[in-house]
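Enquirer: This is the structure, below, for whatever I ask next.
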Amino acid sequence: MVILLNVPLYLMKKKYTPCNSVLTTVNWGRSVGKNIFAALTTVGLASGFHVAIDKEKIAVLAKSLELFDLVADFQKEKINQKYLVDYRKAFHSALTYLKLDAFILKYSGRDPDDLINRAIVLHNKAKISEKLALVRLQEAELARKKSMRDKRLAEIKARRKKEELKKILKTKE
């Protein structure tokens, strides 16, 4: 613990108030004016002294504790934590090769968990899987069209056969 001023122990054990703070200063000029006015108007019942926050003491304390560096480090850590959360979330939500492409492009400059290599492998697998799925869809569509064509041909053949049978029966009559 850094102690700025020599403060007696009995003051340190008291409950904190601006009056016993080492970061405040008594404004004697204001205190004298206040006490003269209080003596005249309240018969001295409202007398006391004026305490103000001492900005120089606060600046010295902040510098000795390196508060500004701590705040900057804290802000950097917060930014880094947000980056890591966003980075990991983006990786886990990248389920298509296009999303993996976007992830690789966005985070390739800074890859703390080495997810880019995993994303590249997943990207290649996803691309192959998506192409394979497309080929299967095309094959299914071709099979459906072939089935419809075969069904139509069968219907046409059945109709022609029926017509031929009718002709044969008419000629026999």
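The values are calculated or read from the model by the stated rules, or taken from the named source; none is laboratory data. Computed from a prediction, not measured in an experiment: that's the story for all the values here. Heads up, the Cβs are rebuilt from the backbone with ideal geometry, glycines too, and the neighbour counts pull from every protein chain shown.
Enquirer: Under 8 Å between Cβ atoms, at least 6 apart or on separate chains: pull out the pairs that start in the range 70-84 with a residue that is of a type outside the set (A, V, I, L, M, F, W, C) and end on any residue that is surrounded by 11 or more Cβ atoms within 10 Å (Cβ to Cβ) and modelled with pLDDT under 85.
Expert: As it stands, the answer is none, since no pair meets every condition given.
Conditions (1) assigned to a loop (DSSP other than H, G, I, E, B); (2) loosely packed, with under 11 Cβ neighbours inside 10 Å, marked per residue:
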position: Lys99; (1), (2): no, no
position: Leu105; (1), (2): no, yes
position: Pro112; (1), (2): yes, no
position: Leu122; (1), (2): no, no
position: Ile128; (1), (2): no, no
position: Lys131; (1), (2): no, no
position: Leu137; (1), (2): no, yes
